[in-house]
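Colleague: Have a look at this one.
The values are calculated or read from the model by the stated rules, or taken from the named source; none is laboratory data. All figures in this text were calculated on a predicted structure; none of them were measured in a lab. Cβ atoms come from the backbone with ideal geometry, glycine included; neighbour counts cover every protein chain shown. Surface accessibility is based on the protein's heavy atoms, side chains included, excluding ligands, DNA and RNA. Shrake-Rupley method; radii C 1.70, N 1.55, O 1.52, S 1.80 Å.
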Amino acid sequence: MAVGSCQGEMDGGFGEFCVLSKIDSNTYVQTAICLGEPNSWRLEWRITEKDGTYTHFFARNPCDDENADTLDSVDDVILAFKAFYQNRGLPDSLMWKKYVIWGE
């Protein structure tokens with residue numbers, strides 16, 4: 001799977017990323033590796049309504065404080081990508097933090 005190949009660094013020092021989206025809806029799940037010791041994963045799920053409004057959610061480790069927005073395990077990221085692909089919605093097994101967009 002493409003998520004598993006996101007292990008390196010792109011130009012400019014940013015980690016590689018992977019996106020899975022629904023055609024013509026601006027709804028997607030995406031991840032990027034956060035390079036460091038140890039590496040972690042940023043996982044974002046964007047849900048866009050028919051009227052164009054949208055909400056972003058970031059997954060976090062259950063043991064982290066509420067300000068955190070990364071995961072330690074690529075397996076959790078793959079779980080979310082599979083759920084998105086199968087149109088099952090945000091997996092309940094992960095903690096999700098709503099990201100407030102200015103103007104909402």
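Colleague: As a test of reading the structure, rank Cys63, Cys34, Cys18 by solvent-accessible area (1.4 Å probe, protein chains only), most first. Walk me through the numbers on the way to the answer.
Modeller: Values: Cys63 120, Cys34 45, Cys18 20 Å².
Per-residue accessible area, sorted high to low, gives Cys63, Cys34, Cys18.
Colleague: Would you mind computing, in nm to one decimal, how far apart the modelled labels at Ile78 and Val19 are, each placed 7 Å from Cα along Cα→Cβ?
Modeller: If labels sit at Ile78 and Val19, their model points lie 2.4 nm apart.
Colleague: May I pose another question? Based on the mean of other beta carbon atoms within 10 Å per residue, what is the order of 20-32, 83-95, most packed first? Spell out each step's value before the answer.
Modeller: Values: 20-32: 15.5, 83-95: 13.3.
The densest-packed peptide leads the list: 20-32, 83-95.
Colleague: Quick check on segment 15-74: take the gyration tensor over C-alpha atoms, sort the square-rooted eigenvalues as a ≥ b ≥ c, and tell me if it's rounded (a/c under 1.5), prolate or oblate. List each step's numbers first, then the result.
Modeller: Values: a/c = 3.59, a/b = 1.74, b/c = 2.06.
Here segment 15-74 falls in the oblate category.
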